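J.: Dumping the structure here so I can ask a few things about it.
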C-alpha cells in the first residue's frame, strides 16, 4: 500500500503527468478535426462518384441514340419492321430503363402530306390492321412537318403517334439548330408525358442526312436533311439508374438544367422551373427515404455538359448523419487513452527504475547459469564424442567446440580453425566428397550427411560422421555442423561384417561337408549293404525255388523272408535317395525331373515343369545346391502353401541359371518371413549367397508365392533354348 501511495504522489508531482494531459487534450481536438475532414472527403468522393455515374449513364443513352441514327445510315430506307427489330435487340427495359421511347420523325413537305398519311395508314408490317386513324396532329397547314412516325415501344407511346414537333416553336427551333449544326438537340426542360406510362421526361434528338451527300456547310446540311431520330427519357429513372441508392439515403441530389452551353444561367440556380431531378421527391411507387438535412451541411455543386445543354448537380448531406457511432466516441476514447497511456508509461518508467537493481542481479545469475550450461554442454559432447562447428561461407571463418578440437587432435590455443584448415585434415581420398557436399549444402540449403575419415597429425586415421545444415544469425548466412567420432562403431561394424562372412563360409563349408558325407554314406550303403542284401536275396530266391514243391511249409517261410528282404532293399533305396539321389549323377535336369515326379507321387498336387531342351552343364556344387533348394521349396509348399498347382521353370539367362517356383497357395505374410522358425528360407538364402547368387520372393497374401533364384554359371557358356513343358499331371 505504501508503494502505491509513493507511486501516485510521484505521478501527480511530475511534469510527465501534466504534459501527458495537455497532449491528450490536443490529440482529442485533432481527432475531432480529422473525423470532420474524413467525412468531408468521403462526401466529396461520393459526390464525384455520383457525378461521374450520371455523366456516364447519360452518355450511354446518347450512345444508344447514336446507334439508332447509325441504323438509318445502313440503308436509304429503314422500314418500321427493321426499326422495331433493332429496338427489340436493345432490350431497353433491362439495359436502359431510363429510355421510355426511341422514335423516328421524317421531314414532310406540304405537298407530301396526304401521300405520307395514306402510306402510314396502309403500313401493315407490324399490325395487320395498319393504322387507319393515323393523321398528323395538330391539324393545320405549316411550312413543313416533323412527324413522330416510328415509335418503340408503341404500346406506351401511342398518345404521341403522329405528333408534329414543328408545331411547337421551341421544338422547331431546336430541330432547326440540330439540322444546321448536325449536333445533338435536347429539350432542356422536363416534359409531361401522358398515355399508358405517364412520366416527366427529357427529349434528345439527332438529325438524319441522306447518304452520300456533302455536309460541310449549313446549306449542304439543309439540302441533305430528311428527318431525325429521338429518345424520350424519364429523368427520375435515369438518375436512379445512375446513382447508387445507398448513397441517396444520406446524400440529397438535385439536378438543374442551366441552359444552352452558349448561354448558361448563373451558377447556383435553384429555380424550380429548371429542376430536372430531386432525390427527396417521391418517384412513382418508389419512395426513397430522404436524408435529414438538419444542422450544418456538406454542399457541393458541379456542372456537366450534356450535348448542347449544361446541367448543374447539387449534392448535400448533413454533417451529423455522416458521423457514425465510432467517430462520435473516438475523440473521448483518444482523450481517455492518452491519459491512461501517460499513467502506463510512467508506471513502466517507475518499474524500470525500481527493477534495475534486480535486473543486474538476474543478469549475474543468468551469466553464471550460462557458464554452467556451456560446461555441461562441453561435458556432454565429450561423453558422446560429438563436436560442433559453425562456418561463415563468405569469409571461411569457423568456430569449433572443444570436442571438435579433441576429435581433430589439435590445440585450441595454437591453431585457429579455418575452412581450408578443416579440409586439410580430411583424408585425401574423402576430401573431394566432403568439399562437394558442403558446397552443395551452402548452395541449396539441403542437409549434408557423410561418413568419412580424418587424418590426425600423428598419422593415425579416425572415422567420423559429418552433418551440416544451412542457417542464419542476425546478420549472416551460416553453415552449422556436427562431427562425431565413430571409429569404434566403424571397427565394430567391420568386425561384424567379417564375422558374418566367416559364418557364411563356415555354413557353406558345413553344407559341402554334409553333402560329401551324405554322398559317402549313400555310396557305402549302396556298395556294402546293397551288395550284401542282393547276395542274400539271391540265396533266398534259390532256397525258395528248391523248397517250392518239396517243403511247402518251409517255402512259405522262405517267401516271407524274401518279401522282407525286398522291403528292406526298397527302404535302403529310399534312404540312399534321401541322402543323395543317384539321379544327380545323371545331371541336373534328370535330378529335377525325378524330384518333380516324386513330389507329384507323394502329394498328388499338380506340378508343371518347364525346362530347356539341352542339358545344363553345371558343377556338382551348384547342381546339388539347386536340387536342395528345390527340395526345400517344395517342402514349404507342402507344409504351408495349401496350393493345388505348382509351376517350376528352369532356364538360362545370359551367364546365369534361373529357377522359379510358383504356387497358387495362400502366400507368405510379411510378419512370417522374418519369424524365428523360418529356417527353411534362411537355409535357401544362405545356400544361394554361398554361390554368389541372388534370391527373390514375390508373394501376396491369398495370391500365391513366386521364388526366383539366380545362380552364375562361371566360365561355362550354354546356348539358351526355348522352354518346353516336360510334364504336367
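The values are calculated or read from the model by the stated rules, or taken from the named source; none is laboratory data. Only a predicted model underlies this, so the values are computations on that prediction, with no experimental measurement involved. Ideal geometry is used to build each Cβ from the backbone, glycine not excepted, and the neighbour counts take in all protein chains shown.
J.: Quick test for you: out of 658, 637, 646, 682, pick the one residue that is modelled with pLDDT of 80 or more and surrounded by fewer than 18 Cβ atoms within 10 Å (Cβ to Cβ). Don't jump to the end; show me each part of the working.
T.: Values: 637 fails: surrounded by fewer than 18 Cβ atoms within 10 Å (Cβ to Cβ); 646 fails: surrounded by fewer than 18 Cβ atoms within 10 Å (Cβ to Cβ); 682 fails: modelled with pLDDT of 80 or more.
Within the list 658, 637, 646, 682, the selection yields 658.
J.: Looking at the stretch 89-128, which of its residues are part of a helix (DSSP H, G or I) and in contact (Cβ under 8 Å) with a residue 60 or more places away in the chain?
T.: Going residue by residue through the stretch 89-128, those that are part of a helix (DSSP H, G or I) are 89-90, 92-95, 110-121.
Answer for the stretch 89-128, where residues must be part of a helix (DSSP H, G or I) and in contact (Cβ under 8 Å) with a residue 60 or more places away in the chain: just 92.
J.: Among residues belonging to the stretch 158-174 that are over 17 Å from residue 121 (Cα atoms) and out of contact with any helix residue (DSSP H, G or I) (no Cβ under 6 Å at 6 or more places or on another chain), point out the one that is modelled with the lowest pLDDT. Please lay out each step first, then the result.
T.: From the stretch 158-174, those over 17 Å from residue 121 (Cα atoms) are 165-174; that's our starting set.
From what's left, out of contact with any helix residue (DSSP H, G or I) (no Cβ under 6 Å at 6 or more places or on another chain): 167-170, 173-174.
Numbers: 167: 89, 168: 88, 169: 87, 170: 82, 173: 87, 174: 85.
Ranking the qualifying residues of the stretch 158-174, first place goes to 170.
J.: Mind checking whether some residue in the stretch 523-536 is crowded, with 17+ Cβ neighbours inside 10 Å, in the same structural domain as residue 569 (by TED's automatic domain parsing), modelled with pLDDT under 85 and within 58 Å of the chain's Cα centre (by Cα)?
T.: Looking through the stretch 523-536, none of the residues is crowded, with 17+ Cβ neighbours inside 10 Å, in the same structural domain as residue 569 (by TED's automatic domain parsing), modelled with pLDDT under 85 and within 58 Å of the chain's Cα centre (by Cα).
J.: So, one more: What's the total number of residues in the stretch 144-170 that are in a helix (DSSP H, G or I) and either in contact (Cβ under 8 Å) with a residue 24 or more places away in the chain or within 60 Å of the chain's Cα centre (by Cα) (or both)? Walk me through it before giving the result.
T.: Start the filter on the stretch 144-170 by keeping residues that are in a helix (DSSP H, G or I), which leaves 154-160, 165-167, 169-170.
Still in the list and also either in contact (Cβ under 8 Å) with a residue 24 or more places away in the chain or within 60 Å of the chain's Cα centre (by Cα) (or both): 154-160, 165-167.
Residues meeting the conditions: 10.
Each row is one residue, and each column tells you yes or no for (1) within 59 Å of the chain's Cα centre (by Cα); (2) under 30 Å from residue 141 (Cα atoms); (3) not assigned by TED's automatic domain parsing to the domain that holds residue 133.
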site: 67; (1), (2), (3): yes, no, yes
site: 77; (1), (2), (3): no, yes, no
site: 82; (1), (2), (3): yes, no, no
site: 96; (1), (2), (3): yes, no, no
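J.: Which of the following residues is under 60 Å from the mean Cα position of the chain (by Cα), modelled with pLDDT of 70 or more and surrounded by 15 or more Cβ atoms within 10 Å (Cβ to Cβ): 592, 572? Spell out how you get there, then give the answer.
T.: Details: 572 fails: under 60 Å from the mean Cα position of the chain (by Cα).
Being under 60 Å from the mean Cα position of the chain (by Cα), modelled with pLDDT of 70 or more and surrounded by 15 or more Cβ atoms within 10 Å (Cβ to Cβ) holds for just one of 592, 572, which is 592.
Residues are listed down the side, and each one gets a yes or a no for (1) over 22 Å from residue 420 (Cβ atoms); (2) modelled with pLDDT of 75 or more:
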position: 454; (1), (2): no, yes
position: 460; (1), (2): no, yes
position: 465; (1), (2): no, yes
position: 472; (1), (2): yes, yes
position: 477; (1), (2): no, yes
position: 481; (1), (2): no, yes
position: 501; (1), (2): yes, no
position: 514; (1), (2): yes, no
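J.: Consider the stretch 61-94. How many of its residues are under 22 Å from residue 276 (Cβ atoms) and touching a helix residue (DSSP H, G or I) at 6+ places or on another chain (Cβ under 9 Å)?
T.: So the count comes out to 3.
J.: If you scan the stretch 488-499, which residues turn out to be surrounded by 14 or more Cβ atoms within 10 Å (Cβ to Cβ) and either modelled with pLDDT under 80 or not in a helix (DSSP H, G or I) (or both)? Before you say what the answer is, go through the steps one by one.
T.: Going residue by residue through the stretch 488-499, those that are surrounded by 14 or more Cβ atoms within 10 Å (Cβ to Cβ) are 489-490.
Answer for the stretch 488-499, where residues must be surrounded by 14 or more Cβ atoms within 10 Å (Cβ to Cβ) and either modelled with pLDDT under 80 or not in a helix (DSSP H, G or I) (or both): just 490.
Here is a yes/no grid of residues against (1) surrounded by 12 or more Cβ atoms within 10 Å (Cβ to Cβ); (2) in contact with a strand residue (DSSP E or B) (Cβ under 7 Å, 6 or more places away or on another chain); (3) at pLDDT 90 or above:
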| residue | (1), (2), (3) |
| --- | --- |
| 118 | no, no, yes |
| 127 | no, no, no |
| 181 | yes, no, no |
| 188 | yes, yes, no |
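J.: Answer with yes or no whether residue 132 is assigned by TED's automatic domain parsing to the domain that holds residue 204, closer than 28 Å to residue 57 by Cα and not in a helix (DSSP H, G or I).
T.: Working: assigned by TED's automatic domain parsing to the domain that holds residue 204: yes; closer than 28 Å to residue 57 by Cα: no; not in a helix (DSSP H, G or I): yes.
For residue 132, the condition - assigned by TED's automatic domain parsing to the domain that holds residue 204, closer than 28 Å to residue 57 by Cα and not in a helix (DSSP H, G or I) - is not met.
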